[in-house]
Amino acid sequence: MTLRVFHKGAAIPWTPAVHALLAHLHEAGFNAAPRPLGIDEQEREVLSFMPGDVVWPDRFSLMEPARQLARVARLIRDFHDAVQEFVPPFDAQWQTLIPADGSDIIAHNDLAPWNLVVAGEARWAFIDWDTAGPGSRLWDVAYAIHGFIPLSVHPDWQSPDAADRLRVFVDAYGLAESERRRLVPVLGRRTRSMHDFLRGQAAQGAQPWARLWAEGHGDAWRNDAEYIEQREDQWMQALLAG
């Protein structure tokens with residue numbers, strides 16, 4: 001078996017809880033995540049290697065066809081269904097960076113194009129499960145929507161058919177009408193939470209977040225949040241249209 005060895009820095013160390021989560025996912029038949037293979041003699045976690053290319057930014061065009069966007073949404077739904085029955089270890093400790101809106105599942109908390117590995121049509125997988133922890137389906141979905149639609153005001157990434165792509169994603173995931181109504185305000189709130197997190201970490205001088213804040217990532221998240229919040233009626237109309 002091909003292995004990938006990860007050495008976690010002090011900011012986000014590996015935890016046994018994440019290994020338990022990944023083991024459960026494979027036992028449940030969800031294979032779009034690395035398999036935990038233990039810890040080596042240098043206290044580094046060893047995971048199975050997920051072959052392929054990370055989608056963001058150079059291969060993001062792979063997400064443009066509606067069928068590919070729908071595939072991402074279904075993959076996330078498969079993960080959420082697989083994790084539903086997961087019972088964390090009694091002493092589980094999670095490295096959740098941002099308090100989630102709800103706690104009905106153990107969420108990935110970073111489902112985004114920079115964590116999606118694609119190996120042609122054969123295999124797609126999500127990596128970087130370090131910040132998994134208690135969260136909600138809608139919290140995970142809202143974050144994924146921001147990245148995969150994308151819901152961005154930046155001229156290089158703004159999608160002119162964002163509302164249509166949002167509908168494709170939500171239809172493929174399979175949200176009921178009541179969940180769609182609840183999702184819309186979460187879209188902006190989840191995006192803004194990233195700005196607030198980076199601002200707070202920068203104020204404390206915590207790395208690598210302070211560097212990201214200095215590079216303007218906080219402004220980008222805030223601008224996207226404002227863009228999303230100003231168009232809530234548009235998103236709602238798209239999601240509820242017959």
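Every number in this text was worked out from the coordinates using simple rules, so none of it is lab data. These numbers were taken from a predicted model, which means no experiment stands behind them. Please note: Cβ atoms are built from the backbone with ideal geometry, for glycine as well, and neighbour counts cover all protein chains shown.
Laid out as a table, the results:
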quantity	calculated
Subset tally (residues that are out of contact with any Leu (no Cβ under 8 Å at 6 or more places or on another chain) and under 14 Å from Ile76 (Cβ atoms)) for the range 105-126	9
Every residue from the range 74-111 that is buried (at least 19 other Cβ atoms within 10 Å of the Cβ) and part of a helix (DSSP H, G or I)	Leu75, Ile76, Phe79, His80, Ala82, Val83
Total residues in the range 30-73, condition more than 21 Å from Arg165 (Cβ to Cβ), surrounded by 21 or more Cβ atoms within 10 Å (Cβ to Cβ) and touching a Leu at 6+ places or on another chain (Cβ under 7 Å)	4
Selection from the range 210-231 of residues that are surrounded by 15 or more Cβ atoms within 10 Å (Cβ to Cβ) and over 18 Å from Tyr143 (Cα atoms)	Ala210, Leu212, Trp213
Filter result (of a type in the set (D, E, K, R) and within 17 Å of Ala112 (Cα to Cα)) within the range 157-200	Arg165, Arg189, Arg190, Arg192
Of residues in the range 56-75 being touching a residue at least 40 places away in the same chain (Cβ under 8 Å) and charged (D, E, K, R), the one farthest from Ala144 (Cα to Cα)	Arg59
Test result for Ser178, out of contact with any Lys or Arg (no Cβ under 6 Å at 6 or more places or on another chain), farther than 16 Å from Trp56 by Cβ, in a helix (DSSP H, G or I) and free of Cβ contacts under 8 Å to residues at least 40 places away in the same chain	yes
Set Phe49, Phe60: member being within 18 Å of Val117 (Cβ to Cβ) and under 17 Å from the mean Cα position of the chain (by Cα)	Phe60
Residues located in the range 88-111, provided they are farther than 21 Å from Gln201 by Cα and either touching a residue at least 40 places away in the same chain (Cβ under 8 Å) or not aliphatic (A, V, I, L, M) (or both)	Pro88, Pro89, Phe90, Asp91, Ala92, Gly102, Ser103, Asp104, Ile106
Among the candidates Ala82, Ala70, residue that is of a type in the set (Gly, Ala, Ser), touching a Phe, Trp or Tyr at 6+ places or on another chain (Cβ under 6 Å) and at negative phi	Ala82
Which listed residue is surrounded by fewer than 21 Cβ atoms within 10 Å (Cβ to Cβ) and within 25 Å of Glu64 (Cα to Cα), from Trp235, Trp157	Trp157
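Conditions tested, residue by residue: (1) of a type in the set (D, E, K, R); (2) free of Cβ contacts under 8 Å to residues at least 40 places away in the same chain; (3) part of a helix (DSSP H, G or I).
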position: Arg165; (1), (2), (3): yes, no, yes
position: Phe169; (1), (2), (3): no, no, yes
position: Ala172; (1), (2), (3): no, no, yes
position: Val186; (1), (2), (3): no, no, yes
position: Arg190; (1), (2), (3): yes, no, yes
position: Met194; (1), (2), (3): no, no, yes
position: Leu198; (1), (2), (3): no, yes, yes
position: Ala202; (1), (2), (3): no, yes, yes
